[in-house]
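Before any comments, here is the structure.
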Amino acid sequence: MSQRNESRRPLAETLKNSASYPRPEPAFRGQVGRTFAESRAEQPEPVKAPEEAPNVVVILLDDVGFAQFGTFGGLIPSPALDRLAAEGLSYNRFHTTAICSPTRAAMLTGRNAHVSGNGAVTEMSSGFPGYNCAWPKSVACIAEILRQNGYGTCAIGKWHNTPNWESGPDGPFDRWPTGLGFEYFYGFVGGATNQWKPTLFENTRPVRHRAKSEDYHLTTEMTDKSLEWVRALDVTKPDKPFFLWYAPGATHAPHHVSKDWIEKFEGRFDDGWDVYREEAFRRQKKLGVIPQDAKLTPRPEEIPAWDTLSDDERRLFARMMKVFAAFTAQTDHEIGRLMDGLEEIGKKDNTLVLYVVGDNGASGEGGLTGNANGVCFFNGVPETIADMLAHYDALGGPDHYNHFPAGWAWAMNTPFKWVKRVASHLGGVRNPLVVSWPKRIADKGALRTQFHHAIDIFPTVLDAAGIAMPVNINGAPQRPIDGVSMVPSFDNPDTPETRKVQYFEAFSNRAIYDNGWWAGTREVLPWKAKEEPLDPDTSVWELYQLEKDFSQAEDLAAERPDLLRRLQDLFWIEAAKNQVLPLDARGSERIVDALALGKEERPVYDFYPGIFGILETSAPDVKNRSFALEAEFALNDAAEEGVIVALGGRIGGYALLVRNRKLEFLYNFCGIELTRVVSAGELPLGDIAARLDFDYDGGGLGKGGDFTLSVGGETVARQRIERTVPRMFARETLDIGLDLNSPVGDYEAPFEFTGTLKRVRFHLAEKDASASGHGSTGVSRSRT
């Protein structure tokens, strides 16, 4: 007798009849006698999903604007999204959270992001309940529910919800995908990765070997891995439904894509972002994805008009957009390949595809001029137009971490105001949603206009599958879900809205939606830290009637102060209920605080051969302090060489290595300056004790200092550096005996050490950015 779930029924009914998971083990119904002949066996059967339960594929893209893809009026062709929209439904009033980790948490849990501690990206977590990234057991992930109801579960691509202090090789792993209900994970952990040389994990282990073909691209591999998993499940358990979470990380910076894709867009964006918005707006009305009475909102005064830019700026910025468009088109192509693969094995008809076209609006984090190295943004390091023009043809390739200017992000979000991070306006939070389910949806190619939010994905999947929302999972009582099912709208375009109230908050930019009205206040620009402390009592709020004003074009705050005040009060009520407080408007300095959060830092760390793939957030933090590296190794032959220890890559990091029988230390400042410290003489053969000391100047973040290289206690080189990386080296890893991904310096990774490596030891001084930093905790230059 199998354990079969209840047949599918409306979500409201399943919530009234909620279960606890795991279910009690079924009673043995056979018979046990003294001998086998006297007994009757009955083998317990595994839990099976409800009859006709659909496969579920959730596609989540990254940093995508409402008018980016052609399907919703953008100027970038998107045939794969067009096809899905034609066979399903398009939603033009679906909302995210304005930032990455919170949107993902909302979709996976059905609760508002702050409730699960995911109110900020993991790199900016803080020690408050709504922002600590400590995903609680009382807020279960949908994958765990589906797994316990007979689904195969798989997460592919970007995973941005593991706390910094749990992202290391020692775990714990209960907040990794495999600890939250996904039976298989292949992807990267964190906000972004190099598309050409990504930092990847399989389940919880770093990936060492990957295809090294010249045409490798991460999004392509993510599609390949998805299809491999689905096909394997189809071979072994063809009747078992699956839940595939496909989040490739595109089109988040770095905007990496091959030249053949870039060439397709030659000359397409030379007219600039103002013209793009006008053309996209016309296309949106022609396609019917926005109301005919919608208005095109004006350009914010902070973003320059295209015709005020210099010739060099226009040339550079058009190239950056061309690369971004190519990245977008390639992403659409890969999603088309995924859908084709499902069709080839006969799975597409009964597969519910929920395609969320962006976890927030397009990103303005490139600032007003864009950048060739996105880590410069997080470290507060400017890049000049001349610097970036020198790399014009190489943008999009493996040597850069490029991002386009905020003006293009604003254009991608047509017809709305603002961009990613700005939760107060629709440009930050309104993303297209396309739903396909050929077997179930009859109103193919239609538009839906109900107000929905990322938290509605969770209950929609449960409703479609006919699975009860449990009151208890693995011993943990569950907090009620905040989302509502979208399934009723599959059949009826006039289904009444069930989402009446919804708050929004990111970096203190905040808003409240209440029955068609929207009130919001922008506190912080996406590319510039707030210069004065946040004072909520002086915030300037705007008011919009969205039922009549689709794009937030008419601010009614002055006309309806009474209504505005009521909505402001409602925001504080919702904020208190959902752990949104305290508001934190700080900028990149939050990264520094977050790196220390939950991390048990110690003065000495020892590493041994075979250790690699440790994310920077879990590695010893050498920034803004004095430190030392000690390496014990042996050279048995004059030709032996390679990396002893490295962290980071082309866009920032450091490496200690042996090359040409000399000891070298390389320090890469944001991909802009490469400092070399090279021993004067050749290294001896046999056992070697090498040491690199750094004496930090102190007096703030990112200050300079002095490097000293020694062998056997004797100084062999000294080098001064005037500035250091203050907040983040790169989105790559600490590796012992090799450089796993892109190289820190002028060698070809992994440049594995061919001698005999015994140990690498880090000594860290007390981190005190305002002090002199001249050596403590055993890291002074005089110590050997």
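The values are calculated or read from the model by the stated rules, or taken from the named source; none is laboratory data. Keep in mind it's a predicted model, so treat the numbers as computed, not measured. Neighbour counts run over all protein chains shown; Cβ positions are idealised from the backbone, glycine included. Only protein heavy atoms, including side chains, enter the accessible area calculation; ligands, DNA and RNA are left aside. Shrake-Rupley method; radii C 1.70, N 1.55, O 1.52, S 1.80 Å.
Annotations for the structure displayed:
- Identity of the residue in the range 708-740, touching a residue at least 24 places away in the same chain (Cβ under 8 Å) and over 40 Å from the mean Cα position of the chain (by Cα), that ends up most open to solvent (accessible area, probe 1.4 Å): 712
- Residue in the range 661-673 that is under 17 Å from residue 751 (Cα atoms), over 22 Å from the mean Cα position of the chain (by Cα) and basic (Lys, Arg) present: yes
- Selection within the range 373-398: residues that are under 25 Å from the mean Cα position of the chain (by Cα) and among the small types (Gly, Ala, Ser). The member of this set that is most open to solvent (accessible area, probe 1.4 Å) is 380.
Each row is one residue, and each column tells you yes or no for (1) under 29 Å from residue 182 (Cα atoms); (2) out of contact with any His (no Cβ under 6 Å at 6 or more places or on another chain); (3) buried (at least 24 other Cβ atoms within 10 Å of the Cβ).
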{"site": "29", "(1), (2), (3)": "no, yes, no"}
{"site": "60", "(1), (2), (3)": "yes, yes, yes"}
{"site": "74", "(1), (2), (3)": "no, yes, yes"}
{"site": "80", "(1), (2), (3)": "yes, yes, no"}
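- Options 109, 103: the member that is of a type in the set (Ser, Thr, Tyr), more than 18 Å from residue 188 (Cβ to Cβ) and buried (at least 22 other Cβ atoms within 10 Å of the Cβ): 109
- Residue list for the range 258-296, filter: open to solvent by 70 Å² or more (accessible area, probe 1.4 Å) and either among the β-branched types (Val, Ile, Thr) or closer than 23 Å to residue 92 by Cβ (or both): 278, 282, 283, 286, 287, 292, 293, 295
- Flag for residue 368 being over 19 Å from the mean Cα position of the chain (by Cα) and part of a strand (DSSP E or B): no
Yes/no matrix, rows are residues, columns are (1) more than 23 Å from residue 344 (Cβ to Cβ); (2) of a type in the set (Gly, Ala, Ser); (3) in contact with a His (Cβ under 7 Å, 6 or more places away or on another chain); (4) without any contact (Cβ under 8 Å) to a residue 12 or more places away in the chain:
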site: 181; (1), (2), (3), (4): yes, yes, no, no
site: 186; (1), (2), (3), (4): no, no, no, no
site: 198; (1), (2), (3), (4): yes, no, no, no
site: 201; (1), (2), (3), (4): yes, no, no, no
site: 208; (1), (2), (3), (4): yes, no, no, no
site: 215; (1), (2), (3), (4): no, no, no, no
site: 231; (1), (2), (3), (4): no, no, no, no
site: 241; (1), (2), (3), (4): no, no, no, no
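- Filter result for the condition that a residue is of a type outside the set (D, E, K, R) and open to solvent by 10 Å² or more (accessible area, probe 1.4 Å), over 132, 149: 132
- The range 527-554, residues that are within 22 Å of residue 585 (Cβ to Cβ) and either acidic (Asp, Glu) or in contact with a His (Cβ under 9 Å, 6 or more places away or on another chain) (or both): 531, 532, 535, 537, 542, 552
- The set of residues in the range 118-129 being part of a loop (DSSP other than H, G, I, E, B) and either of a type in the set (A, V, I, L, M, F, W, C) or surrounded by fewer than 24 Cβ atoms within 10 Å (Cβ to Cβ) (or both) consists of 120, 121, 126, 127, 128, 129.
- Considering each residue of the range 237-257 in turn, none proves to be in a helix (DSSP H, G or I) and either open to solvent by 20 Å² or more (accessible area, probe 1.4 Å) or not hydrophobic (A, V, I, L, M, F, W, C) (or both).
- So residue 97, is it within 20 Å of residue 454 (Cα to Cα) and open to solvent by 10 Å² or more (accessible area, probe 1.4 Å): yes
- The residue that is nearest to residue 418 (Cα to Cα), counting only those in the range 67-81 that are part of a loop (DSSP other than H, G, I, E, B) and among the aliphatic types (A, V, I, L, M), is 67.
- Hits in the range 742-784 - residues which are modelled with pLDDT of 55 or more and at positive phi: 751
- For the range 453-505, a residue qualifies if it is among the small types (Gly, Ala, Ser) and touching a Pro at 6+ places or on another chain (Cβ under 9 Å), and the qualifying residues are 454, 464, 465, 466, 476, 483, 485.
- Candidates 225, 240: the one that is under 22 Å from the mean Cα position of the chain (by Cα) and either among the small types (Gly, Ala, Ser) or at pLDDT 95 or above (or both) is 225.
- The selection criterion, being touching a residue at least 40 places away in the same chain (Cβ under 8 Å), in contact with a helix residue (DSSP H, G or I) (Cβ under 8 Å, 6 or more places away or on another chain) and over 21 Å from residue 503 (Cβ atoms), does not hold for residue 130.
- Cβ-Cβ under 6 Å pairs, at least 6 apart or on other chains, the range 493-515 side surrounded by 14 or more Cβ atoms within 10 Å (Cβ to Cβ), far side among the acidic types (Asp, Glu) and part of a loop (DSSP other than H, G, I, E, B): 508/523; 509/523
- Residue selection: residue 327 fails the criterion of being within 22 Å of the chain's Cα centre (by Cα) and open to solvent by 10 Å² or more (accessible area, probe 1.4 Å).
- The residues of the range 179-230 that are touching a Gly at 6+ places or on another chain (Cβ under 8 Å), over 23 Å from residue 63 (Cβ atoms) and either in a loop (DSSP other than H, G, I, E, B) or acidic (Asp, Glu) (or both), listed by number, are 183, 204, 207, 208.
- Strands (runs of 3 or more DSSP E) fully within the range 615-661 that include at least 1 residues being touching a residue at least 24 places away in the same chain (Cβ under 8 Å) and open to solvent by 20 Å² or more (accessible area, probe 1.4 Å): 627-635, 652-659.
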